């Protein structure tokens, strides 16, 4: 058996992890006030030559990993930036990501799928004090007004009318992201896995295993078992594609009257890899629900079989059940890791603006662990 390079991680992502260890020494984080954000925005606009003034700055709800503020922008800007959203890194969060990478992906898919336009990026936090990205504001909802459910759209009741309208759009967006031409996309802060190798899979196991190494608060033997299984069964990726990385219910907006998807959000986990990974993520039980007959519904809207058949018809690709299964285990491994390590530490140490939410998310480890046990048992049966 060939030697596995367990240190192979995208350089930018590895640096983010080590940078966080240094920031942690600064102690608890005090969330910014609206006036502090307004001052930072003014500095940023001066630095970047944007002749505009922020008005009516206010904090937005949600966000387990980024602080978000909405504001009006008056001055010499295009109409799509008359109202904007600031996405800014806290001291630390449930995941560590890069605003420059997120902006590059949004610019790569702009015009291909519905996403907000990018005004500017403060990649090193020189003006805002923390890395930030500013995008145009797009309206919409993440679930029907009467949809219920938990935070971030989890377990929402979408209903037949909404599901019928959104299903083809949801899958079409998925396919179009995977069709982005990587040769012209200008994803300068990304590293490309080699085609026809296990790079795409290996880099994912290595990264989340490194997160465990740096941040694990207590030992979870299930994760150690999964880690061994993942390394033992690394699949080959014939042709890497652009992945959203967090494609699911709760991460897109739609207009409740027209039932049109208005924006796909939260691209911070985007990377280049195997298309099966995005499929497996959407099939995670946490991000869906079951109908009256017990059938799992992706995004609480449609069956996995429908998504696979539609995706194959749109892309010409063939979904490999064994590779899909590997990425389902990888998805569980990733989600348990982020919720049981970084999330707990940030909540415990008060280094995030959403400490209560992060503490709540740590509790989903039990449900995620049950899913992983089922997946590993299925393979070992």
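Each reported figure results from applying straightforward, stated rules to the coordinates on display, with no laboratory input. Please read all numbers here as calculations on a predicted model, not as lab measurements. So basically every Cβ, Gly included, is an ideal-geometry build from the backbone, and we count neighbours across all protein chains shown.
For the pair residue 23 and residue 309, what calculated FRET efficiency results from E = 1/(1 + (r/R0)^6), where r is the Cβ-Cβ distance and R0 = 51 Å, to the nearest 0.05?
Efficiency at R0 = 51 Å is approximately 0.65.
Calculated [222 nm] ellipticity per residue, helices only, for the chain: -13000 deg cm²/dmol; basis is -39500 (n - 2.57) per DSSP H run with n ≥ 4, divided by all residues, nearest 500.
Round to the nearest 10 and give me the degree value, 0 to 90, for the angle of helix 221-232's Cα axis relative to the longest principal axis of the chain. Taking Cα atoms only, the helix is inclined about 80 degrees.
Arranged from highest to lowest average of other beta-carbon atoms within 10 Å per residue, in what order do the peptides 311-319, 158-166 appear? Provide the component values of the computation, followed by the final result.
Numbers: 311-319: 13.6, 158-166: 15.8.
Packing proxy ranking, top to bottom: 158-166, 311-319.
Based on Cα coordinates alone, diagonalise the gyration tensor for region 31-137, multiply each eigenvalue by 5, take square roots, and list the semi-axes in whole Å, largest first. It would help to have the intermediate numbers written out before the result.
Details: eigenvalues 69, 65, 34 Å².
Largest first, region 31-137 gives 19, 18, 13 Å.
Taking only C-alpha pairs under 8 Å that are 6+ residues apart, what is the relative contact order of the chain in percent? Mind dumping the intermediate values first?
Working: 683 pairs, mean separation 71.2, N = 381.
About 19 percent, as a whole number.
Which of the three applies to region 139-381, rounded, prolate or oblate, going by the alpha-carbon gyration tensor with a ≥ b ≥ c and a/c under 1.5 meaning rounded?
Values: a/c = 1.40, a/b = 1.11, b/c = 1.25.
Because its axes are fairly even, with a/c under 1.5, region 139-381 counts as rounded.
The spacing between region 199-220 and region 298-317, judged by their C-alpha centroids, is 29 Å.
Ordering of 15-22, 132-139 by packing is 132-139, 15-22, highest average first (other Cβ atoms within 10 Å, averaged per residue). Each of 260, 277, 7 was scored by other Cβ atoms within 10 Å of its Cβ. Listed from fewest to most, they are 7, 260, 277. With the simple model of a label 7 Å out from the Cα in the direction of the Cβ, residue 70 to residue 172 spans 2.6 nm.
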